[in-house]
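Here's the structure, in structure tokens; my notes come after.
The numbers here are math on the coordinates, done by the rules we state, and not lab data. Model, not experiment: these values are computed from the prediction. Every residue, glycine among them, receives a Cβ derived from its backbone with ideal geometry; neighbour counts consider all protein chains shown.
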Amino acid sequence: MTAITTPAITGRVKGAGETTYEFTYISPSQERSKVGEYVHYVHRAGGDELRVLCRVTAINPLRAYPHEMLSNPDLDPVLIAESINYLPEGMELYEITAQIVGFFDDRNKTFVNPRALPRTGDPVYLTSKEDLVRWLFFKKPEDDWGIDIGTLLNRPGENVRVVLDMDRFTSTHMAVLAATGSGKSYTVGVILEELMRPVNRAAVLVFDPHGEYGTLRAIEAHPKFQGHDGYSPVVRVVKPGDIHIKFSELAFGELVRMLEGSSDKMHYVLREVLQELRKKSPNYATDDVIAALKARRDVVKTEESTIDGLLWRLHEFVKNRKLISDSTHMRLPDLLKPGQATILDMVELEERDQQLTTSVLLNRVLKSRISVVRGMGIVQEEEKLEFPVFVVLEEGHRFAPANDDSSSKRVLKTILSEGRKFGIGVLIVSQRPAKLDSDVLSQCMSQIIMRITNPMDQQNIKNSVEHVSAEIMNELPGLTRGQAIVTGDAVTTSVMVQVRERIAEHGGRSASTGKEWRAKWKPAPVVDRKFDDGPGKPLY
Amino acid sequence: MHTMGLHVGTIVRGADHVTYVVHVMGPVESDPGPKPEDCSFGSFVKIVPHDGGSMNFVGLIVDSALMDRDALRAGPRLAPDLRSMTVLFPDFIDERVKLVYVMIIGFTTDGDARHDFPDITPSLGDPVIKMADDEVKAFHMVGGAFKVGYYSQAIGYKSALTLPLMIRVLGHLARLFPARVDMLRLLRNALEYRWRVEGGFSS
């Protein structure tokens, strides 16, 4: 039998709530029963006393001031109430609604619903810090492979660390969803810092369309990130000019997508030419394709106009594109290695090039991991990644848009559905969940959701994320910058968190427009008005 | 016994634990007797117990009644008017009386006020004294703070006159406590609305 300590009683059960797993209790104070707070009651079953964790979802004051006392905004109703002995001290009373989370099953590390409501009059206890740490998180701050992202929002004075299980969210994927300015990239920065701690040493690739994560380099020399065995994290920032895609790495679909306005006949001809070239060598250049097309044009006269169109498009959309290279190659083992975070700074790339880069690299990562895990020789030895990898996609809606069939979305969907088997974890970040593909979102089994007010974004989260309850959705508009709800596989039940401070400086801080305007202001030049028409002349 | 102030009358009956019937002194019993405004509706009075304790009850005049036990008597009268009666029959007690109902809203002990009704009751015959404005002011300062602690009790008093009673009381207090005018006006406006608008349309 579990020994029951005697924690503080915060109220007494009144009765059933509106839904099956809700009940209400009466408390003389709302201090210990704030919305989101954790309380528990004791459920007796078969000689066992089980502590059933519940989350406070609503507070309803039972004794309120009459409207008349509030009718003069300049008068404090408290003073009026005191003067007429209304609501003297200690007369406050609240009806509090609590949602049952369940009792914690230590063996399976999960909550089990007792399927029974507490009895009327049963005491409701404020759950202790120790129980919260044990029940809510798979990891403690001192554990290896834990991601300490901040503290429990409801217990500001108790420093209850919110520690995510790295193994869980790196294998079943995570989404960070938040409106702009709510601390989304800051939170991702915190996660990246945690991933690079000496106890974790992750292999991370960040697709960074805004160039926000370069500041992470500060952790390289930071004492907190140095291991006793000589470990020191590496943060490699790949600048836009250094991002290249080798022409021969492009999948047929990716190449066709680049050739804007190309016809089905062009695709047919191109496919045949590429197949012939691949038979000779996997490393062919744009010029090889152009030469092969020209040779074919000389032979097959009926395809002349088709091939001309293809040649023009290859020149216009491929050969003149800086991103595409015939020789330069970004080696996967250079981009991904344990203890290294590679930031692909794509700030100067057009959106289609960002998609293309993501698509090509993710395809290569997927093939490499399949090759390693399945023991297949589908990639060259130098391309093999012998360890799990973690990919961060900022502006996820660009790479997996809801209403567009981009190449990056297809490979992303494959990774999200099958990546777990091959050791590829994905963190998708988006400020517009409504624009993010629902399937992609639903495949992320852990979520960090920050302030979101747009109803369409809220609806897409509701539709796509199975862990998110109506109560959590109600909390979203009320969150302030740096506050988040963590839900899904990485925690045992949804928690509200105050994200911790970054160790490295945050690179995504909003610029001060006023400051920049003032700095750039110059006195107006003196205008020589001698050729002016002079004042008073009408414009027309 | 502290009987400082104008003697309004004496308790002749207890209607319940907090409501007492007071026989207002007539011209035969007291000369000069209390004027009508001395025992007007909503006036503050104190009841000074005969036993001489330090506690005085504080009450509000919440209602009144007039009685003439000689009314409809058919027999002859020896004296034609009250003046002749007092000369011819000095021990005569006037059968025409004015009664007022006093609701106890608190008490004072050695000058300290409490806005609550006491466990003990006044006795029959206890004198009822009109409270001077200074006494009313002192009664409303409890522990150094302005209080109308009997507000809920008075509002809950079951009578058609409850609302106009408190409207008058709050008006009286507003004159005595100018610094509290805003708050007292707010309370009074709320009662006025209930009395004149809600009361007027609810029936």
The size of the Cβ-based charge dipole (Lys, Arg +1; Asp, Glu -1) of chain A about the Cα centre, to the nearest 20 debye, is 960
In the structure shown, of A:139/A:239; A:239/A:409; A:109/A:409; A:319/A:435; A:409/A:515; A:184/A:239, the pairs separated by more than 29 angstrom at the C-alpha atoms are A:139/A:239; A:109/A:409; A:319/A:435; A:409/A:515
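Considering only Cα-Cα distances, which of the following residue pairs are longer than 24 Å: A:294/A:367; A:384/A:413; A:367/A:413; A:421/A:462? Write down the numbers at each step before the final one.
Values: A:294/A:367 32 Å; A:384/A:413 21 Å; A:367/A:413 14 Å; A:421/A:462 27 Å.
Beyond 24 Å: A:294/A:367; A:421/A:462.
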In vacuo Debye sum over C-alpha of the range A:19-156, base-10 log of normalised intensity I(q)/I(0) at q = 0.14, 0.17, 0.19, 0.22 Å⁻¹, listed in q order, is -0.76, -0.97, -1.11, -1.33
Row for the range A:202-280, column shape: gyration tensor on C-alpha, a ≥ b ≥ c, rounded if a/c < 1.5 i.e. under 1.5, prolate if a/b over b/c, else oblate; value prolate
Ordered by number, the trypsin sites (Lys or Arg not before Pro) in the range A:269-345 that occupy a DSSP loop and have at most 15 other Cβ atoms within 10 Å are A:322, A:331
Of all C-alpha pairs within the range A:333-460, those more than 17 angstrom apart amount in percent to 59
Counting only DSSP loop positions in the range A:136-217, the GluC sites (Glu not before Pro) whose Cβ has at most 15 other Cβ atoms within 10 Å are A:142, A:158
Karplus ³J(HN,Hα) for the range A:58-67 (6.51 cos²θ - 1.76 cosθ + 1.60, θ = phi - 60°; Hz, whole; x = Gly/Pro) runs 7, 10, 10, x, 8, 10, 10, 5, x, 4
Among A:243, A:270, A:228, the residue whose Cα sits farthest towards the positive end of the charge dipole of the range A:211-272, when +1 is placed on the Cβ of each Lys and Arg and -1 on the Cβ of each Asp and Glu, is A:228
For the range A:20-28, Karplus-derived ³J(HN,Hα) couplings (6.51, -1.76, 1.60; θ = phi - 60°; whole Hz; x for glycine and proline) come out as 4, 9, 10, 9, 10, 9, 9, 9, x
Restricting to aspartates and glutamates and to Cα separations under 20 Å from residue A:322, and discarding same-chain partners fewer than 8 apart, the set is A:208, A:242, A:249, A:254, A:260, A:287, A:288, A:345, A:348, A:350, A:351, A:353
Kirkwood Rh for chain A from C-alpha pairs, in Å, is 27.2
All alpha-carbon distances of the range A:264-421, grouped into 5 Å bins from 0, give the whole-percent distribution 1, 7, 14, 16, 18, 16, 13, 8, 4, 1, 0, 0
With the dipole of the protein assembly as shown defined by +1 on each Lys or Arg Cβ and -1 on each Asp or Glu Cβ, the option from B:97, B:34, A:150 whose Cα lies farthest towards the positive pole is A:150
Amide H contacts under 5 Å for residue A:11, restricted to residues at least 5 apart in sequence or on another chain and with H modeled in the peptide plane, are A:124
Summed over the other residues with a beta carbon less than 13 angstrom from that of residue B:21, with K and R at +1 and D and E at -1, the charge totals -1
Taking a ≥ b ≥ c as the square roots of the Cα gyration tensor eigenvalues, with a/c under 1.5 meaning rounded and otherwise prolate when a/b beats b/c or oblate if not, the range A:47-116 comes out prolate
Exposure proxy check on B:177, A:252: fewest-to-most Cβ neighbours within 10 Å is A:252, B:177
Taking Cα pairs closer than 8 Å and at least 6 residues apart, the relative contact order of the range A:18-115 in percent is 37
Neighbour-count ranking for B:117, B:107 (other C-beta within 10 angstrom, fewest to most) reads B:117, B:107
Inter-chain shielding metric for B:134-146, i.e. average beta-carbon neighbours from other chains within 10 angstrom, reads 1
Sorted by chain and then number, the residues having a modelled amide H within less than 5 Å of the amide H of residue B:107, at least 5 places away or on another chain, are B:58, B:114, B:116
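Length gain on complete extension for the stretch residue B:35 to residue B:172, per 0.36 nm per residue less the alpha carbon to alpha carbon distance?
Gain on stretching residue B:35 to residue B:172: 47.5 nm.
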The answer for residue A:102, listing residues at least 5 apart or on another chain whose modeled amide H is closer than 5 Å to its amide H, is A:53
Scalar couplings 3J(HN,Hα) for the range A:319-332 by Karplus 6.51 cos²θ - 1.76 cosθ + 1.60 (θ = phi - 60°), nearest whole Hz, x for Gly and Pro, are 5, 8, 9, 4, 5, 8, 10, 7, 10, 5, 9, 8, 6, 4
Of A:128-138, A:453-463, ordering from highest average Cβ density within 10 Å down gives A:128-138, A:453-463
Those trypsin sites (Lys or Arg not before Pro) from the range A:10-105 that are DSSP loop and have at most 16 other Cβ neighbours within 10 Å turn out to be A:34, A:63
Least to most buried among A:337, A:140, by other C-beta atoms within 10 Å and fewest first, runs A:140, A:337
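Can you compute the charge dipole magnitude of the range A:234-365 about its Cα centre, using +1 on each Lys and Arg Cβ and -1 on each Asp and Glu Cβ, nothing else charged? Give it in debye, rounded to the nearest 20.
400
Averaged over its residues, how many other protein chain Cβ atoms are within 10 Å of peptide B:182-189's Cβ atoms?
The shielding value for this peptide is 4.
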Shape call for the range A:101-202, from the Cα gyration tensor axes a ≥ b ≥ c (a/c under 1.5 means rounded, otherwise prolate when a/b beats b/c, else oblate), comes out prolate
Sorted largest first, the Cα spans of the range A:421-473 on the principal axes come out in Å as 36, 21, 18
Expressed as a whole-number percentage, the relative contact order of chain A with C-alpha contacts under 8 angstrom and at least six residues apart is 18
